[in-house]
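Every number in this text was worked out from the coordinates using simple rules, so none of it is lab data. Everything numeric here is computed off the predicted structure, so don't read it as measured data. Cβ placement follows ideal geometry from the backbone for every residue including glycine, while neighbour counts extend to all protein chains displayed.
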Amino acid sequence: AQTVTQSQPEMSVQEAETVTLSCTYDTSESDYYLFWYKQPPSRQMILVIRQEAYKQQNATENRFSVNFQKAAKSFSLKISDSQLGDAAMYFCAYRSGNNNDMRFGAGTRLTVKP
Amino acid sequence: DVKVTQSSRYLVKRTGEKVFLECVQDMDHENMFWYRQDPGLGLRLIYFSYDVKMKEKGDIPEGYSVSREKKERFSLILESASTNQTSMYLCASSLARPSREQYFGPGTRLTVT
């Protein structure tokens, strides 16, 4: 079964600085999708960024970008110019392209210091 | 905007009670999911539904059942609540294609005493 590992339970960053959240996954599939979701305190989980495994180019959404290393099965999230509103739990997720398997990591709690 | 709503934000039930958690989505999504969120464990899939009356077990279905009689509504049922089912329950929906993201509800924090 696929597994998703987030090795950093907590991270902190100074406002306006850059932080990278780590995620590794284990799969034998070639067709899959990777996601980063953000869960702000007491608010709904929302999608941050998505990466298709067949795409070599790293996905970017404004201040959020990923470093997708397919051979290493690594999918890290970089947040540039961190803002107070970025404080949240961040979950890395894997979705199989062949079946309904969906896996989430344990999450990383990001604190942004003013 | 996609909206996924859950019937309660907070719920307190007694051991042995039957508990219903309701989830409604308004975007005609084929897929609906029920997750349990616990600290240090992330989200774990309880059940998944890909169509009306269709369901698949997730990783932790024991002690739970689901019902999907209408496309927009997906219910999670705890037949006889136990203290180890105290948790945050998240509902989500998505289009059928695996490339599509899930949209989450606000969650129900269930406490079983």
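Per residue of region B:20-34, what does 6.51 cos²θ - 1.76 cosθ + 1.60 with θ = phi - 60° give for ³J(HN,Hα)? Whole Hz please, x for Gly and Pro, Karplus curve as stated.
10, 10, 10, 9, 10, 10, 10, 10, 6, 6, 6, 9, 9, 9, 10
Filter A:K38/B:K55; B:K13/B:K53; A:K38/A:K70 down to the pairs with a C-alpha to C-alpha distance above 29 Å, please. Each step should come with its number before you reach the end.
On the way: A:K38/B:K55 27 Å; B:K13/B:K53 27 Å; A:K38/A:K70 22 Å.
Violating the 29 Å Cα-Cα cut-off are zero pairs.
Please list, ordered by chain and number, the residues whose modelled amide H lies under 5 Å from the amide H of A:I49; skip anything fewer than 5 residues away on the same chain.
A:W36
Obtain the nm distance between the two label points defined at A:S28 and B:F20 by a simple spin-label model: each point lies 7 Å from its Cα along the Cα-to-C-beta direction.
4.3 nm
Apply the a/c threshold of 1.5 to the C-alpha gyration tensor of the protein assembly as shown and tell me whether it is rounded, prolate or oblate.
Values: a/c = 1.88, a/b = 1.42, b/c = 1.32.
Note, shape of the protein assembly as shown comes out prolate.
Averaged across the residues of A:98-107, what count of C-beta atoms belonging to other chains lies within 10 Å of each residue's C-beta? Working shown, then result.
Values: counts 1, 2, 10, 5, 12, 5, 7, 3, 6, 6.
Mean partner-chain Cβ count within 10 Å for A:98-107: 6.
Taking θ as phi - 60°, what are the ³J(HN,Hα) couplings along region A:20-27 by the Karplus curve (6.51, -1.76, 1.60), each to the nearest whole Hz, with x for Gly and Pro?
Computed from phi, the couplings for region A:20-27 are 10, 9, 9, 8, 10, 9, 10, 7 Hz.
Once you order the gyration tensor axes a ≥ b ≥ c over the Cα atoms, which shape class does region B:8-47 get: rounded for a/c under 1.5, otherwise prolate or oblate by comparing a/b with b/c? It would help to have the intermediate numbers written out before the result.
Numbers: a/c = 2.23, a/b = 1.29, b/c = 1.72.
Because a/c hits 1.5 or more and a/b fails to exceed b/c, region B:8-47 counts as oblate.
State the answer as a single residue: which of B:V4, A:I49, A:G107 lies farthest towards the positive end of the charge dipole of the protein assembly as shown, with beta carbon charges of +1 for Lys and Arg and -1 for Asp and Glu, about the Cα centre.
B:V4
Among DSSP bridges having both ends in chain B, what percentage is antiparallel? Round to the nearest 5. List each step's numbers first, then the result.
On the way: 36 of 40 bridges.
So the antiparallel bridges in chain B amount to around 90 percent.
Within region A:1-30, list the residues whose amide N lies under 17 Å from a label point set 7 Å along Cα→Cβ of B:S99.
Backbone N within reach: A:30.
Round to the nearest 0.05 the FRET efficiency obtained for A:N99 and B:K53 when R0 = 25 Å and r is the Cβ-Cβ distance.
Working: r = 20 Å, r/R0 = 0.79.
Once the sixth-power term is evaluated, E becomes 0.80.
Peptides A:60-71, B:101-112: what's the order by average Cβ count within 10 Å, highest mean first? Can you show the working numbers first?
Values: A:60-71: 14.3, B:101-112: 20.2.
Ranked by mean Cβ neighbours within 10 Å, highest first: B:101-112, A:60-71.
Pull out a ≥ b ≥ c, the square roots of the eigenvalues of the alpha-carbon gyration tensor of region A:26-114, then state rounded if a/c is under 1.5, prolate if not and a/b is larger than b/c, and oblate in the remaining case. List each step's numbers first, then the result.
Details: a/c = 2.39, a/b = 1.61, b/c = 1.48.
It is prolate, given that a/c is not under 1.5 and a/b is the larger ratio.
Enter the mean number of other protein chain beta carbons within 10 Å of the beta carbon of each residue in B:37-46, as an integer. Walk me through the numbers on the way to the answer.
Details: counts 6, 1, 5, 3, 4, 12, 11, 2, 5, 0.
Mean inter-chain Cβ contacts per residue within 10 Å come to 5.
Please list, in order along region A:99-114, the HN-Hα scalar couplings obtained from phi with the Karplus expression 6.51 cos²θ - 1.76 cosθ + 1.60 (θ = phi - 60°), rounded to whole Hz, x for Gly and Pro.
Going residue by residue, I get 8, 8, 5, 9, 10, 10, x, 6, x, 10, 8, 9, 10, 10, 9, x Hz, with x marking Gly and Pro.
What percent does the relative contact order of chain A come to when contacts are Cα pairs within less than 8 Å and at least six residues apart?
Values: 283 pairs, mean separation 42.5, N = 114.
Relative CO of chain A lands at 37 percent.
Assuming 0.36 nm per residue, please report the length gained on full extension of the stretch A:I46 to A:T3 beyond their Cα-Cα distance. Don't jump to the answer; show the numbers that get you there.
Details: separation 43, 0.36 × 43 = 15.48 nm, distance 2.11 nm.
Gain on stretching A:I46 to A:T3: 13.4 nm.
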